Structures are given as structure tokens and as C-alpha cells.
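Here's the structure, in C-alpha cells; my notes come after.
The values are calculated or read from the model by the stated rules, or taken from the named source; none is laboratory data. Source: prediction; values computed, not measured. Neighbour counts run over all protein chains shown; Cβ positions are idealised from the backbone, glycine included. Side chains included, ligands, DNA and RNA excluded: accessible areas come from the protein's heavy atoms. Shrake-Rupley method; radii C 1.70, N 1.55, O 1.52, S 1.80 Å.
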Amino acid sequence: MEEGRAERRRRTEAPSHPQGGTRRAGVMTDVHRRFLQLLMTHGVLEEWDVRRLQKHCYRVHDRTATVEELEDFINNINSVLESLYIEIKKGATEDDGRPIYALVNLATTSVSKMASDFAENELDLFRKALELIIDSETGFASSTNILNLVDQLKGKKMRKKEAEQVLQKFVQNKWLIEKEGEFTLHSRAILEMEQYIRETYPDAVKICNICHSLLIQGQSCETCGIRMHLPCTAKYFQSSPEPRCPHCNDYWPHEIPEVFDPEKEREAGTSRANKRSLRSRQH
């Protein structure tokens, strides 16, 4: 089994072309370059922050220019990055569907990419946490279950106290999220690792019945077992007074989450920004 996984990992090391095929080469201005540098610093950002970042770069480098549509702006950058097998990729958070953007390396697996920041035994801890998360029904792995595997790590021995600190490093670097003592994958990790996870854990991987993307957290039909992301569930049942499974038509037994509303989010973001500005003027 391990040999099969190792072989699949090797296959994912081969470069693959960015989604959408070959793009026409674009032109990178100082605005694009600054935007890319700042996105690299953050790793992943919500769409609201990406739009603010884009406007900031225009203010710094080209105040007179018309701000390009975000999709065209990012496609222009991606056309230049294509030859480097790097792409700015758009996704959504699994819990509430907030649009996010992350800089993804398409030429190597994400675990290989992490090798520059983490030691061998730390990477092995991440792999074991990842396997527990993928195998779980909820998409979460408890810290207790992860720490119980410390004695099996490759490389230098690690005490449980050290392992706890390494898990927090994964959280700080936006590879994991911690909620009440349990860990799941950060949206950045899902965006970057989808191909790796599909290749490495083909028997355990879960796919959303609506968007057909990798699913870590979601809801499932108690009758036929299909799964859906929470945001996909919200959109699919948005106008259904009596929600039924899209596959078997049986009653959907779960609470239907709210649909993410970008307009409300923008209003809330503007309100928060105004309050911060007011406080700064008062002090």
C-alpha cells in the first residue's frame, strides 16, 4: 500500500499545465509585480482583501490608470507565470463559501514545497495528520489522535510537546486550521493539494456531488451517501421548501446553511474599515 502511495506521489511531481490550457503571454507592469509579491507574502487571501490589494498597488505605482477587472488582472499575471508552473488560483472556503485566491506551485507536490520550511519529521507529522483528516467522516482529526502517532515519525525523534508546537506552525502557515482541539485542512492546503490528495488517497478521497471538487468538510445523504460542500448545499437548496437529495430524492436531514452574500460581506468590510478609521482619528 505504501509503495503504491509512493508511486502516486512521484507521478504528481511531474509538471502539469495550469487550468484552462495555454494562455497568451501577458505583460507584467510594476502594479502586477507588486501585487504578486504581496500575495506571495500572504500565501492566501479572501477576495475582498485581494481587491483591496489590487487597488493599493495601483495607488502606489499608477494612480492615473483605470483599475483592470480582477479576473483579467489575474489572468494577465497567470499568463506570465505559466512557464514557471505557478498559478494564482481561485477557490472558496469550505465552511461558508468565501471566495479566496492563493499562489499555487503546479510543478511539485505541496508536501515537497513545504520541505523548505519544515524538517523531515515535521513533514511526516503533517502527512499523518493529513491522512487522519482524509480518512475521517467529519474532515477533522483530533490533536490526541495526531500526537499518538509521534513515535512513528521518520527522521529525528519528536516529543509530544514539540509536535504540538509543530502543529501550531502548520496553523500559522495556513496549512491547517484548529477548532476546539481538532485540526482540518486550511483552504490554502485544499487549493494546493487537491491533485496530490486525489492521487495519494484515491480510496478515501471524498468528492462534492455538486461541484465535483475535493471535499473535506460537508454534509452527506443518510440514504445514498453522496456528499456536498456546505456552500454547495446552501446554493442547491436555496429555494427548496423541502430539501431532497439530488441523487436519490430522499429527504435531506441536515440544517441548510446560509448562502454567502458578497454584498453583505462588502458592506460589513466597509463598516469595519470606517470604524478603524474613526478610532485612529480619535487617538
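Pick from region 145-165 the residues that are out of contact with any Lys or Arg (no Cβ under 9 Å at 6 or more places or on another chain) and hydrophobic (A, V, I, L, M, F, W, C): which of them is least open to solvent (accessible area, probe 1.4 Å)?
By that ranking, first place goes to Ala163.
Quick check on region 44-99: of everything there that is on the phi < 0 side of the Ramachandran plot and of a type in the set (Gly, Ala, Ser), which residue is most open to solvent (accessible area, probe 1.4 Å)?
Ser83
Which ones in region 232-248 are part of a helix (DSSP H, G or I) and either among the aromatic types (Phe, Trp, Tyr) or open to solvent by less than 100 Å² (accessible area, probe 1.4 Å) (or both)?
Of everything in region 232-248, those that are part of a helix (DSSP H, G or I) and either among the aromatic types (Phe, Trp, Tyr) or open to solvent by less than 100 Å² (accessible area, probe 1.4 Å) (or both) turn out to be Cys232, Thr233, Ala234, Tyr236.
Of the numbered conditions (1) on the phi > 0 side of the Ramachandran plot; (2) open to solvent by 60 Å² or more (accessible area, probe 1.4 Å), Glu182 fails exactly one; give the number of that condition.
(1)
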